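What follows is one structure encoded as structure tokens, with my remarks underneath.
FYI, it's all coordinate maths here, none of it is from the lab. Please read these numbers as outputs of a predicted model, since none were measured by experiment. Cβ: placed from backbone, ideal geometry, glycine included. Neighbour counts: every protein chain shown.
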Amino acid sequence: MHDGCSGAFESGKQIVDKIRMMGFNKSLIGAPLEILCSKCDAMFQMEYMESQCPVCGMVYGVTPCHSYSAEFVKPAGVNY
């Protein structure tokens, strides 16, 4: 599913599953990321490796290796 820090995930669900399995989902990101929600177009600050849009509940995930950029953040699903 994942090869080191290659970022070879096929979906946001795979990212969220991986960071939950490794216990990183509640880890703070070094600097919060500005995220535009893909479901409701709300802007919010992503502060943890796993975060949820406060408007619609879309869950987002990013791996520790890629938490420096919003380009690597992927949606996993509403209330995933």
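Couple of notes before you dig in:
- Debye log10 I(q)/I(0) for region 12-78, one point scatterer per Cα, at q = 0.14, 0.20, 0.21, 0.28 Å⁻¹: -0.32, -0.67, -0.74, -1.31
- Burial ranking of peptide ranges 51-61, 21-31, 70-80, 37-47 (average Cβ count within 10 Å, highest at the top): 51-61, 70-80, 37-47, 21-31
- Nearest 10 degrees, 0 to 90: helix 12-22 Cα axis against the chain principal axis: 60 degrees
- With contacts taken as Cα pairs under 8 Å at a separation of at least 6 residues, region 12-78 carries a relative contact order of 36 percent.
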